[in-house]
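Here is the structure we will look at, set down as structure tokens.
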Amino acid sequence: MRLKPRHYILCAVVIAIFAVNVVRNRHHRAATTANAPVMITGPRASTPAWAAFDTAASMRDLPDDKFLPALHDLQQLSDASHEPADKDIPGCQTWLLFYRQGVIHPARDQSWKDRSAHHLAGCIQYHLDVPAP
């Protein structure tokens, strides 16, 4: 089979797309800061909504009858709050629920529970939606 000029052009386009994706992947890996240490500046937020989060997080391993009222209080205070310091509470609340789901329904793959516990530790320590160092 003899290749025509359009086949050469098509091969060149495919190779160029492959090269662009390789370069993009390398740049994406270099820019990822998942393993970078967390540098927090400024004081830890202390608002009523974060206090409710700390209470709910401290009850994360307890049965539903003790955990759900604390979660309900957290949701009410979070929804009512207009403090700039409370902007990360919804994200931290999501990690709390992911952790709770891993406790209620344990699985063989512990990666979600480990990841949520790691993020939850950052939320408790810094009152920000960042992973703990």
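The values are calculated or read from the model by the stated rules, or taken from the named source; none is laboratory data. Being a predicted model, the structure only gives us computed values, none of them experimental. No Cβ is skipped: glycine too gets one built from the backbone with ideal geometry, and neighbour counts run over all protein chains shown.
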Residues that are part of a loop (DSSP other than H, G, I, E, B) and surrounded by fewer than 20 Cβ atoms within 10 Å (Cβ to Cβ): does segment 67-82 have at least one? yes
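Of Asn25, Asn21, which residue is in a helix (DSSP H, G or I), among the polar types (S, T, N, Q), farther than 30 Å from Ile104 by Cβ and at pLDDT below 90?
Asn25
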Pairs needed: first member in segment 118-132, in a helix (DSSP H, G or I); second member anywhere, among the aromatic types (Phe, Trp, Tyr) and surrounded by 18 or more Cβ atoms within 10 Å (Cβ to Cβ); C-beta distance under 6 Å; at least 6 residues apart or different chains. His119/Trp95; Leu120/Trp95; Leu120/Tyr99
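So which residues in segment 90-106 are in a helix (DSSP H, G or I) and modelled with pLDDT under 80? Can you show your working first?
Going residue by residue through segment 90-106, those that are in a helix (DSSP H, G or I) are 90-104.
Residues satisfying the conditions are Val103, Ile104.
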